[in-house]
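**Q** What follows is a structure written as structure tokens; I'll ask about it next.
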Amino acid sequence: MKTIATIALAALLTGTGTYAIAQQTPAPNTPAASQDQGRQDRRPRMSQDDFNRLVDARIASIKAGLRLSADQDRLWAPVETAIRSSATERYSRFEQRPTRDQRQSMDFMQRLERRSTMRTEGAQRSAAVTAALRPLWDSFSEDQKRIAPRLLREALDVDGPRWAERGGRRGHDRDHRMGMHQGGPRGPVQQ
């Protein structure tokens with residue numbers, strides 16, 4: 001019985017190795033037609049019109065989900081303006097981001113300065129939206145306060161998706177990897 005299992009395992013491993021060798025590898029010096037082409041796992045770039053339509057849809061869904069009263073509807077206009085302004089600034093930053101080659105040629109200080117600038121701008125956008133949202137938030141019922149964070153999460157999140165809450169980008173928690181993990185579902189790490 002052990003002999004049959006050993007032969008089966010050897011055959012399986014041999015087949016796997018043959019399959020791995022048979023996979024095509026891209027030619028190392030073949031330039032892609034553009035940054036967006038050549039990789040099938042990337043989504044095509046979003047145009048300004050596409051982005052605006054997405055923002056319109058998010059704002060409409062937030063407003064519908066909040067079920068604002070007539071009095072609250074008056075307080076909604078500054079919030080909507082702040083969300084749109086923040087989204088427009090984020091799109092501009094996205095369009096002005098350096099290319100992969102430019103990022104790879106940056107030294108440590110250039111990267112640190114760029115990150116600092118991006119976080120400062122993000123904090124300013126967040127502060128503007130927070131200031132616009134406060135009067136509306138104060139008028140919310142308990143039900144609206146319960147649902148609002150879920151509705152507003154993507155519209156107000158200036159740093160993109162919440163990677164750390166999902167275990168980090170591609171399953172890696174950056175803070176944990178850098179030795180700065182403060183806790184998780186089970187609470188703070190005991191030292």
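The values are calculated or read from the model by the stated rules, or taken from the named source; none is laboratory data. Quick caveat, the model's predicted, so the values are computed rather than measured. Here Cβ is always computed from backbone atoms with ideal geometry, including for glycine, and neighbour counts include all displayed protein chains. Note: areas computed on protein heavy atoms with side chains; ligands, DNA, RNA excluded. Shrake-Rupley method; radii C 1.70, N 1.55, O 1.52, S 1.80 Å.
Yes/no matrix, rows are residues, columns are (1) closer than 23 Å to Gln144 by Cα; (2) in a loop (DSSP other than H, G, I, E, B); (3) open to solvent by 70 Å² or more (accessible area, probe 1.4 Å):
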residue: Asp50; (1), (2), (3): no, no, no
residue: Val55; (1), (2), (3): yes, no, no
residue: Leu68; (1), (2), (3): yes, yes, no
residue: Arg90; (1), (2), (3): no, no, no
residue: Glu121; (1), (2), (3): no, no, yes
residue: Val129; (1), (2), (3): yes, no, no
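**Q** Filter the stretch 92-119 for residues that are among the β-branched types (Val, Ile, Thr) and outside any helix (DSSP H, G or I) and give the result. Outline the logic, then answer.
**A** Initial filter on the stretch 92-119 (among the β-branched types (Val, Ile, Thr)): 99, 117.
Listed by number, the list holds a single entry, Thr99.
**Q** Restricted to the stretch 150-165, and to residues that are part of a helix (DSSP H, G or I) and open to solvent by 60 Å² or more (accessible area, probe 1.4 Å), which residue is modelled with the highest pLDDT? Explain how you work it out, then say what you get.
**A** Pass one, the stretch 150-165, residues part of a helix (DSSP H, G or I): 150-156, 164-165.
Subsequent filtering for residues that are open to solvent by 60 Å² or more (accessible area, probe 1.4 Å) retains 150, 153-154, 164-165.
Values: Arg150: 90, Arg153: 85, Glu154: 73, Ala164: 47, Glu165: 52.
Residue satisfying both the conditions and the ranking: Arg150.
**Q** If we keep just the residues of the stretch 70-88 that are small (Gly, Ala, Ser) and free of Cβ contacts under 8 Å to residues at least 24 places away in the same chain, which is least open to solvent (accessible area, probe 1.4 Å)?
**A** Ala77
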